[in-house]
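A.B. asks: One structure coming up, written as C-alpha cells, with questions to follow.
The values are calculated or read from the model by the stated rules, or taken from the named source; none is laboratory data. All figures in this text were calculated on a predicted structure; none of them were measured in a lab. Please note: Cβ atoms are built from the backbone with ideal geometry, for glycine as well, and neighbour counts cover all protein chains shown. What goes into the accessible areas is simple: the full protein's heavy atoms, side chains included, and nothing from ligands, DNA or RNA. Shrake-Rupley method; radii C 1.70, N 1.55, O 1.52, S 1.80 Å.
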2 protein chains.
Amino acid sequence: MPNIKMIARKAGVSISTVSRVMNGSKPVSPDLQKRVYDAVQQMNYKPNSIARSLILKKTNLIGVVVPDVSNSFHAQLLSGIEEVTAQADYGVMICNVYRNMKQQQKYFNLMLERHVDGIILLHENTIEELNEFQKMTNTPLVLASVPLEVPGIPFVGIDEISAAYDAVTHLIEKGHQEIGLIYGDCTALGILRKEGYEKAMRDHGLTMKEEYLTQCPCSVDHGYQAMEQLLCTGAHPTAVFCVSDEMAVGAMDCAYDKGLRVPEDISFIGFDDIEISQVVRPRLTTIHQPIKDIGKEAARLLIEMIEKKSRSMKHSGGDQAASEESRIILKHSLVERGTV
Amino acid sequence: MPNIKMIARKAGVSISTVSRVMNGSKPVSPDLQKRVYDAVQQMNYKPNSIARSLILKKTNLIGVVVPDVSNSFHAQLLSGIEEVTAQADYGVMICNVYRNMKQQQKYFNLMLERHVDGIILLHENTIEELNEFQKMTNTPLVLASVPLEVPGIPFVGIDEISAAYDAVTHLIEKGHQEIGLIYGDCTALGILRKEGYEKAMRDHGLTMKEEYLTQCPCSVDHGYQAMEQLLCTGAHPTAVFCVSDEMAVGAMDCAYDKGLRVPEDISFIGFDDIEISQVVRPRLTTIHQPIKDIGKEAARLLIEMIEKKSRSMKHSGGDQAASEESRIILKHSLVERGTV
DNA sequence: GAATTTTCGGAAAATGTTTTCCTAAACATC
DNA sequence: GATGTTTAGGAAAACATTTTCCGAAAATTC
C-alpha cells in the first residue's frame, strides 16, 4: 500500500502538496496537480482513512443501537439508515442490545470508544440514561421510533398517540364498541399507544373495561398468550387493537384456535405494517408506519448534526453542544385489509 | 479526553510504562503499576482506538456485505454474526448491496479503505470477482450461506443439495409424484437446490416435466406470479417445492386464490424456515436452516483467521495469505407442519 | 520599474498510540 | 570481586495523515 510520502516522491512534490490536491483544501498549480494525479493513478493510492480519522477527529462512522436486528421492524429501519449513510459516505456500525438493557451504558461506551461521529438509537433507554449520556459527551444522538422527550435529543417517528387513536376510531366507526387492547407497558411506545386507545374510547363515549386490557411483550407468541388470557376472563370483545403486528397475528391465531372467525366473530387491528401483516390470512388491517423513511430521516438528521458540529468546531474551536431541538413526525396511515 | 501522555505525567512515569501496564506487554513493578492504574481511574482514561489502529494495523472491525438487511434471512444471519463479534470485541460494519450487484467492486473497496480486519459475504459474487478480490488483498473473507467453491475462501452453510433432496424426498414419501419446482436460476443457491430436486426425482424413478419448472426471484410476490404461471400451463402438480419460504407463501397464496385447498388439493414445501413460515395458515412445512448458527460460525471462523493472520504477521513479518481451506457444513432438518 | 499583494510549495508540528532500542540496576555465576 | 544475564523503565522512532507557518516567486498596482 502506497502512502502519501511515496506519492509525493513519485510526483516530485512535497507531502503537503499531495494532501492539498487530494482534499482541494488549497489551490495547486495545474502542472503539479497533474503530476500528483498521475502518481496517484499509477500507484493506486488511497488515503489511509485511519490516519485521517486520527488527525481530523472524524471517523465517518455512525453507530446504531438496536434491540434486535433480526426483528423485521428494526431491520427495516436499519436498511433506511444504511441507505442514506452510504450515500453520504458514512459507515454504519451496529450494536445489538438484545434484551439485556442493563448493559446499556456499556454499549454507549463501546461506541464512544470507537469514536463514532454520531449515534442513532432504536432502542429505548431511560431518560436518565440519556441525560447521563449527554452530560458525558457531545456526540450527536438521535432517537428513531423511540418516542421519548429529552431536551437536546431529536426524535424522528410518527405521532404514536394519534396513530393509535386512528386505529381505534376505525374500529369504532365500523360499529365496534367492545374493544380490547393488547399492549406492552414497559416501553414508551406501548404506553403512548394505549393513551391513543383511551382517548379514542373517551372521545366516542365508550366505557373502557379493565378486563379488556392485557399486556405482554411484543412477539407473536406473547400475543397468542395475551389473547388467551383476555378470553379467559370471560370478556367478549368484538374487536381487539394490538399495538404491534406481531401481537396481532399471535392474537388472531389464538382466536382462530378458539373457533372464532376473523373478521366475522372478532376483528383485529395491528400496528406497524411489517411484512407478516401481508401474509397472514385474512390480511391484517393495520396502521402503516413509513419505517424505512423514519430510518432515512433519522440518518439524514444525524449527519446534518454531525457536519454542523464539525463546522462549528473548526471555526470557534469550542465544544458547545450543537443541540438540535427538533421532532420530525412522519405521516402514518390506516391500511384496510381483511381483519376488521 | 485524557491521552497517554497526560496519564504518564500524572503517574510520574514514562509513556511507555503506561502503555505496558495497559496492554500487559511487559512486566512493570507493582509500585508503578498502581500509580498508573490510579491515574487511569482518576482521569477516566481510555486508550484512543484510532491511534491504536494506526500503529497496530488492526481496526477490530469486520465488514458484512449483505444483499438486503431488511430481509429476514439476512437479518438473522447478521444477528448471529453480531453476537459472536461483540463478544470478541469486534465491531461490525454493514454494507447493504441491495440489488445493484454491479457496484460490487465498489463495496469491497469501501470496506478495504476503511481497513476492516475481515469480511463476511452474505451476498453472492461471481467467482471471478472473488478471485480478483483475493489477488488484490489478503484480507480474510468468508462466505456465509453463499455456496461457492473458491480455493482459499472458506464457506459456512448447509449442504444445499442434500437439503433440497430431503425436501423433495419428503414429498415423494407422502405419495406425491407430480412435483413442481419454483426456483431462481441466477444464484448458486437456486441452482444447487434445483440439483437436489432433480436428484431426488431421478433416484425415485420419477420423470421431470419441463412445465413443472418455474423460476423467479426470491420474494412473496414473485412466488405468487410463478405459481400463477405454473398453473397457467395446464400443469397440475400435486405438490410444489419452493426453494425459499417467501416463494412458498406467495405460491400458496396463489393456490388459495385459485380455489385450491392446501394441503388437500396441493402440497407445498418451503426452504429456510424463516418467521413467516410459522404465521401463515396452514403452517408451512419447510427445511429448517440453523440461520443464526451459520452467522455465528462464520464470525467465529473469520475471527480465527484474523487472529491467526495477525499472529503470523507478527512473527514472520511476511504477508503470506493465511488461507484457511475449510467448509463448515451445518445440519439442516425437515420441519413438518401443515402444508404437505 | 519599484512596491505591494497574492499565490504556491516545503518544512515541520501535531494527532495518540506501540514498539524498538538503550541504559542502568539487580542478580547470579564463577 | 569480576563478569554475564535478566529486568525495569525511559527516549525516540514509527504509523499516515493534515495543517500551520514561512519564504520565495509571481502577479498586480501605481
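A.B. asks: Shielding of A:69-81 by partners, i.e. mean partner chain Cβ atoms within 10 Å per residue?
C.D. replies: Working: counts 13, 15, 5, 6, 1, 4, 10, 4, 2, 6, 9, 2, 3.
So the per-residue partner count for this stretch is 6.
A.B. asks: Ranked from the most accessible area to the least, with a 1.4 Å probe and all protein chains present, what is the order of B:Lys5, B:Lys308, A:Lys194?
C.D. replies: Output order, biggest surface exposure first: B:Lys5, B:Lys308, A:Lys194.
A.B. asks: Find the relative contact order for the range B:160-288 and round it to a whole percent, using C-alpha pairs within less than 8 Å whose residues are 6+ positions apart.
C.D. replies: 25 percent
A.B. asks: Moving to a separate point now. Students sometimes get this wrong: rank A:His176, A:His288 by accessible area, probe 1.4 Å, all chains present, largest first. Numbers along the way, then the final one.
C.D. replies: Working: A:His176 30, A:His288 60 Å².
So the residues, ranked largest to smallest area, are A:His288, A:His176.
A.B. asks: Can you work out the FRET efficiency for the pair A:Ser29 and B:Lys292, with r the C-beta to C-beta distance and R0 = 35 Å, to the nearest 0.05?
C.D. replies: It comes to 0.05.
A.B. asks: Suppose we keep just the DSSP beta bridges with both residues in the protein assembly as shown; what percent of those would be antiparallel, to 5?
C.D. replies: Counting DSSP beta bridges with both partners in the protein assembly as shown, the antiparallel share is about 15 percent.
A.B. asks: Rounded to whole Å, how close does chain A get to the rotation axis onto B by Cβ? Give me the residue too, please?
C.D. replies: That would be A:Ala75, 2.
A.B. asks: Where Rh denotes the Kirkwood radius from the mean inverse Cα pair distance, what is Rg over Rh for the range A:39-158?
C.D. replies: Dividing the radius of gyration by the Kirkwood radius yields 1.03.
A.B. asks: Can you list, shortest first in nanometers, how far B:Glu129 lies from the same residue in the other copies, with each label 7 Å from Cα toward Cβ?
C.D. replies: In ascending order, 3.8 nm.
A.B. asks: Could you sort B:Tyr256, B:Tyr45 by accessible area so the largest value comes first, with the probe set to 1.4 Å?
C.D. replies: These residues rank, largest area first, as B:Tyr256, B:Tyr45.
A.B. asks: Follow-up question, since we're still on this one. Provide a whole-number value for the mean count of partner chain Cβ atoms within 10 Å of the Cβ atoms in peptide A:171-181.
C.D. replies: The mean count of partner-chain Cβ atoms within 10 Å per residue comes to 0.
A.B. asks: Give the angle, between 0 and 90 degrees and rounded to the nearest 10, that separates the Cα long axis of helix A:30-43 from the longest principal axis of the Cα atoms of chain A.
C.D. replies: The angle comes out near 70 degrees.
A.B. asks: With each label point set 7 Å from Cα along the Cα-Cβ vector, what nm distance links B:Arg283 and B:Leu56?
C.D. replies: 4.7 nm
A.B. asks: If you line up the long axis of helix A:188-203 against the longest principal axis of chain A, both from Cα atoms, how many degrees apart are they, to the nearest 10?
C.D. replies: Between the helix axis and the principal axis of chain A, the angle is about 40 degrees.
A.B. asks: In a shell of Cβ-Cβ distance under 14 Å around A:Asn44, excluding A:Asn44 itself, what net charge do Lys and Arg (+1) and Asp and Glu (-1) give?
C.D. replies: 0
A.B. asks: Can you list the distances in nanometres, one decimal and ascending, from the A:Arg202 label point to the identical position in each other copy, with the point 7 Å along Cα to Cβ?
C.D. replies: 7.2
A.B. asks: Moving to a separate point now. Please compute the contact order of chain A in relative form: average sequence separation of alpha-carbon pairs under 8 Å and at least six residues apart, divided by the residue count, as a percent.
C.D. replies: Values: 619 pairs, mean separation 58.9, N = 340.
Taking the mean separation of contacting Cα pairs over the length of chain A, I get 17 percent.
A.B. asks: For the range A:1-138, calculate the relative contact order in percent as a whole number, restricting contacts to Cα pairs under 8 Å that are 6 or more residues apart.
C.D. replies: After rounding, I find 23 percent.
A.B. asks: Multiplying the sequence separation of B:His204 and B:Leu330 by 0.36 nm and subtracting their Cα-Cα distance, what value in nm do you get?
C.D. replies: Once the chain is fully extended between B:His204 and B:Leu330, it gains 42.8 nm.
A.B. asks: How big is D for the range B:160-288, in µm² s⁻¹ as a whole number, if Stokes-Einstein is applied with the Kirkwood radius of its Cα pairs at 20 °C and 1.002 mPa s?
C.D. replies: Calculated translational D: 154 µm²/s.
A.B. asks: Relative to 2.2 N^0.38 Å, what does the C-alpha radius of gyration of the range A:72-121 come to as a ratio? Two decimals please.
C.D. replies: Computed over Cα atoms of the range A:72-121, the ratio equals 1.22.
A.B. asks: Here's another thing I want to ask about it. Any idea what angle helix A:220-232 forms with the longest principal axis of chain A, computed on alpha-carbon atoms, 0 to 90 degrees, nearest 10?
C.D. replies: Here the helix axis deviates by roughly 20 degrees.
A.B. asks: Counting helices only, and only those DSSP H runs with n ≥ 4, report the 222 nm mean residue ellipticity of the protein assembly as shown as the sum of -39,500 (n - 2.57) divided by its residues, in deg cm²/dmol to the nearest 500.
C.D. replies: Mean residue ellipticity, 222 nm, calculated: -14500 deg cm²/dmol.
A.B. asks: How big is chain A by the Kirkwood estimate over distinct Cα pairs, in Å?
C.D. replies: Values: mean 1/r = 0.0442 Å⁻¹.
Taking the inverse mean of 1/r over all distinct Cα pairs, chain A comes out at 22.6 Å.
A.B. asks: Over the Cα atoms of the range A:4-47, each weighted equally, I'd like the Debye log10 I(q)/I(0) at q = 0.30 Å⁻¹, rounded to two decimals.
C.D. replies: For the range A:4-47, the Cα-only Debye profile gives -1.13.
A.B. asks: Taking 7 Å along the Cα-to-C-beta vector as the label spot, tell me the A:Glu128-A:Ala188 distance in nanometres, rounded to one decimal.
C.D. replies: Result: 1.6 nm between the two label points.
A.B. asks: What's the long-distance tail for the protein assembly as shown, i.e. % of Cα pairs beyond 35 Å? Before the final figure, lay out each step's value.
C.D. replies: Values: 118979 of 230860 pairs.
Within the protein assembly as shown, distances greater than 35 Å cover 52 percent of Cα pairs.
A.B. asks: If the reach is capped at under 18 angstrom between alpha carbons, list the lysines near A:Lys209, excluding any in the same chain fewer than eight residues apart.
C.D. replies: Within the straight-line limit of under 18 Å, A:Lys209 reaches these lysines: A:Lys194, A:Lys199.
A.B. asks: In addition: Would you mind calculating the gained length between A:Glu307 and A:Lys106 on full extension (0.36 nm times residue separation, minus the Cα-Cα distance), in nm to one decimal?
C.D. replies: Value of the extension gain: 69.7 nm.
A.B. asks: Could you work out the Kirkwood radius for the range A:148-197, taking every pair of different alpha carbons, averaging 1/r and inverting it, reported in Å?
C.D. replies: After inverting the mean inverse Cα-Cα distance, the result is 12.0 Å.
A.B. asks: A follow-up question, please. So, taking all protein chains as they sit and a 1.4 Å probe, how much accessible area belongs to A:Met6, in Å² rounded to tens?
C.D. replies: Roughly 70 Å² of A:Met6 is accessible to a 1.4 Å probe.
A.B. asks: With a point put 7 Å past each Cα toward its Cβ, work out how far A:His236 is from B:Lys5 in nm, to one decimal.
C.D. replies: Taking the simple label geometry, A:His236 and B:Lys5 are separated by 8.1 nm.
A.B. asks: Compute the label-point distances linking A:Ala235 to its equivalents in the other copies; points lie 7 Å from Cα along Cα→Cβ; give nm, one decimal, shortest first.
C.D. replies: Shortest to longest, the spacings are 5.0 nm.
A.B. asks: Here's a follow-up. What figure, in Å² to the nearest 10, do you get for the accessible area of B:Lys296 with a 1.4 Å probe and non-protein molecules left out?
C.D. replies: Ignoring ligands and nucleic acids, B:Lys296 comes out at about 60 Å².
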